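*Asks:* The structure that follows is given in the form of C-alpha cells.
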Amino acid sequence: MPEEDLVDIKFRLYDGSDIGPFRYSSAATVDMLKQRIVSDWPKGKTIVPKSANEVKLINSGQILENNKTVGQCKVLFGEIAGSIIIMHVVVQPSLAKTKAGKFHELLILGNT
C-alpha cells in the first residue's frame, strides 16, 4: 500500500487523554475506527462505551458518518503531510438506556 494512502489518527477522549496514534488505510471506515476505540478503551475511565454505536467521532466540527471512509473524510482532515489527525471522541449512551435510566430516577425520586 502506498505511503500516501495511510493516515495517522489519534483519538482525544473527554478527559484530554488520547488513544493512539494509529495508522489507517484510506479505505478504513469510520465504523472501523469506532470499533478500534471501543476495543482499546483505557481501563479505569468513568465513562466507558459498550459498543461502537455509543461512540461519535468529531473532526473539524463535523460528526463523521459510519459508512464514510477515511479517504472520503480527508477533505475535513486537511492535507498536512506527516501530521497526526486528532479526532474528538464523544460517548453517547443509547437512547433506550437513557430513557430507562431517567424513568428509574423518577421512580426513586417519587418514592422519597
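*Asks:* Working carefully through the options ASP40, ASP8, ASP31, find the one that is of a type in the set (D, E, K, R) and touching a helix residue (DSSP H, G or I) at 6+ places or on another chain (Cβ under 9 Å).
*Replies:* Values: ASP40 fails: touching a helix residue (DSSP H, G or I) at 6+ places or on another chain (Cβ under 9 Å); ASP8 fails: touching a helix residue (DSSP H, G or I) at 6+ places or on another chain (Cβ under 9 Å).
Sole residue among the options that is of a type in the set (D, E, K, R) and touching a helix residue (DSSP H, G or I) at 6+ places or on another chain (Cβ under 9 Å): ASP31.
*Asks:* Within region 15-44, how many residues turn out to be in a helix (DSSP H, G or I) and not aliphatic (A, V, I, L, M)?
*Replies:* Here is the first cut: in region 15-44, the ones in a helix (DSSP H, G or I) are 30-39.
Still in the running and not aliphatic (A, V, I, L, M): 31, 34-36, 39.
Counting residues in region 15-44 that are in a helix (DSSP H, G or I) and not aliphatic (A, V, I, L, M) gives 5.
*Asks:* Going by the conditions given, is ILE47 in a helix (DSSP H, G or I), on the phi < 0 side of the Ramachandran plot, among the aliphatic types (A, V, I, L, M) and in contact with a strand residue (DSSP E or B) (Cβ under 8 Å, 6 or more places away or on another chain)? Give the steps one after another, and end with the answer.
*Replies:* Values: in a helix (DSSP H, G or I): no; on the phi < 0 side of the Ramachandran plot: yes; among the aliphatic types (A, V, I, L, M): yes; in contact with a strand residue (DSSP E or B) (Cβ under 8 Å, 6 or more places away or on another chain): yes.
In short, no.
*Asks:* Counting just the residues of region 52-77 that are part of a loop (DSSP other than H, G, I, E, B) and more than 17 Å from ALA27 (Cα to Cα), which one comes out modelled with the highest pLDDT?
*Replies:* GLY61
*Asks:* From the residues in region 43-63 that are closer than 16 Å to MET87 by Cβ and touching a residue at least 24 places away in the same chain (Cβ under 8 Å), which one is surrounded by the fewest Cβ atoms within 10 Å (Cβ to Cβ)? Give the derivation first.
*Replies:* Looking only at region 43-63, we keep the residues that are closer than 16 Å to MET87 by Cβ, and these are 49, 52, 54-63.
After this cut, where a residue has to be touching a residue at least 24 places away in the same chain (Cβ under 8 Å) as well, the list is 49, 54-59.
Values: PRO49: 19, GLU54: 17, VAL55: 22, LYS56: 17, LEU57: 22, ILE58: 14, ASN59: 17.
Per the stated criteria, the residue is ILE58.
The values are calculated or read from the model by the stated rules, or taken from the named source; none is laboratory data. These figures come from a predicted structure and were not determined experimentally. So basically every Cβ, Gly included, is an ideal-geometry build from the backbone, and we count neighbours across all protein chains shown.
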